[in-house]
1. Could you pull out which residues in the range 95-110 have an amide N less than 19 Å from a spot 7 Å beyond the Cα of I156, following the Cα-Cβ vector?
2. At most 13 other Cβ atoms within 10 Å and a DSSP loop assignment: could you name the trypsin sites (Lys or Arg not before Pro) in the range 96-162 that fit?
3. I'd like the FRET efficiency for L193 and D84, computed as 1/(1 + (r/R0)^6) with the beta carbon distance as r and R0 of 45 Å, rounded to 0.05.
4. Taking the Cα centre of the chain as origin, sum charge times position over the Cβ atoms of Lys and Arg (+1) and Asp and Glu (-1), and report the length of that vector in debye to the nearest 20.
5. Charges on Cβ only, +1 for Lys and Arg, -1 for Asp and Glu, centred on the Cα centroid of the chain; of F169, G334, L362, which one is farthest towards the dipole's positive end?
6. Please work out, to two decimal places, the log10 of the ratio I(q)/I(0) at q = 0.17 Å⁻¹ from a Debye calculation in which every Cα of the range 252-347 carries one identical scatterer.
7. Using just the helices of the chain, give the 222 nm mean residue ellipticity in deg cm²/dmol: DSSP H runs with n ≥ 4 each add -39,500 (n - 2.57), and the total is spread over all residues, rounded to 500.
8. Based on the Kirkwood radius over alpha-carbon pairs, what is the Stokes-Einstein translational diffusion coefficient of the range 106-232 at 20 °C with 1.002 mPa s viscosity, in µm²/s?
Amino acid sequence: MKRKRGLPAEENTRGQFLSILRLGLWGKGTDAPPGGDTAPDWKGILTLARTQAVLPLLYDGLEELPENLRPGNRSLMNLIAYVDKIEKLNGMLDEAAVTISERLGSAGIRSVLLKGQGLAHLYRHPGHRQCGDIDLYVGRANFLKAAEEIRKWPEISEEEPETEKHIGFRFRNMVLELHREAYRFMDAGTDSLFRKWEDEELSKDGCRVRLVADAPVSDTQGTPSDGSVTVPPVTFNAFYIFAHGFRHFMQGGLGLRQLCDLALFLHRHHGDIDWNKLENRLREFRLFREWQLFMGLLTDSLGLPADEAPFYDPALIPLSEKMLLQVLSDGNFGHSRQYPDFSGKPRILRKIGNLGIHHLMLAKRMKFSLRHTLVFYRAMWRTGLANIGR
């Protein structure tokens, strides 16, 4: 892979990384990485893949390259070992999600799997989605009942403090987050509108996704199991995946992993989405332009066809490109952000330092969404003042 003439090394590495990532997402027939006789910056490419939580996808892209363009044996073997680890973890999470869903169902509690394992089937190699927690929505009415049911299970080894949205458990050494709410807006008025829609949509039958191919028997009643779980209805899910990613971006760390989820979801379901309903909801929650920025990022950077990206506006591509640079700079969940560490400082200095960091972070978001930056800014101060004595 040869550096394009006139491009700085960092920009060239970024271009190579995105090209290989697109190959991992879509396979051959999309776009090929830049050719040439100069070796690529594998150290930089692998660092970007790691900080963006897409190493398994990068491996899938490497599989599409000629051998002479692949990294050295040591890097490749380390990557293969990591992908093998992710495959095994995905299998464990799939089995756990099915088991948990069926046990709750046997107790009369309906659950909906959010994000994560419910999206992995969209990938060319489902086991290669970088995995995390099991997020299971049961709604407010069943929340306490579900939590009490889960506490009885022998696999539960730990319980995390309850928050306004969920409570966390350690199930077979995997993190289970039980949700009373799937998503929460920062301002009360918008959240009240969304709550009605969420309650309505997630009480529907939704869609069924099969996670475990060979799951003949439930471990609760001995009844047949098809290894599937319920996921949200398509139009709601499109909004939810986007809104969840946007919130992470505003709070300091959105990884390309989450954007890959949205790209593949739209690729599979763009024909199933109720575009009018989606547009109405985006405008109602004042997120229409922010959605368009995401669509520019998905098409220009990740290779999603423009006709599969609802409300795509090519005029916003320059701003979407700036958003990409911010995403790459922040890293997944903000782990790559370069800010001072105040964790070991005295309490008052720690508070002041962290407040300054949040101000800097939100200032960088203003060009992407002034309104929502102000919403998050108000919420930051509200939370900070409420916790000032803690």
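Where a number appears in this text, it was derived from the coordinates with a stated rule and is not lab data. Please read these numbers as outputs of a predicted model, since none were measured by experiment. Every residue, glycine among them, receives a Cβ derived from its backbone with ideal geometry; neighbour counts consider all protein chains shown.
1. 96-110
2. Passing sites in the range 96-162 are R124, K152.
3. Once the sixth-power term is evaluated, E becomes 0.50.
4. I would put it at about 1540 debye.
5. After comparing all options, I get L362.
6. After summing over all Cα pairs, the log10 values are -0.77.
7. -17000 deg cm²/dmol
8. Working: Rh = 15.9 Å.
D = 135 µm²/s.
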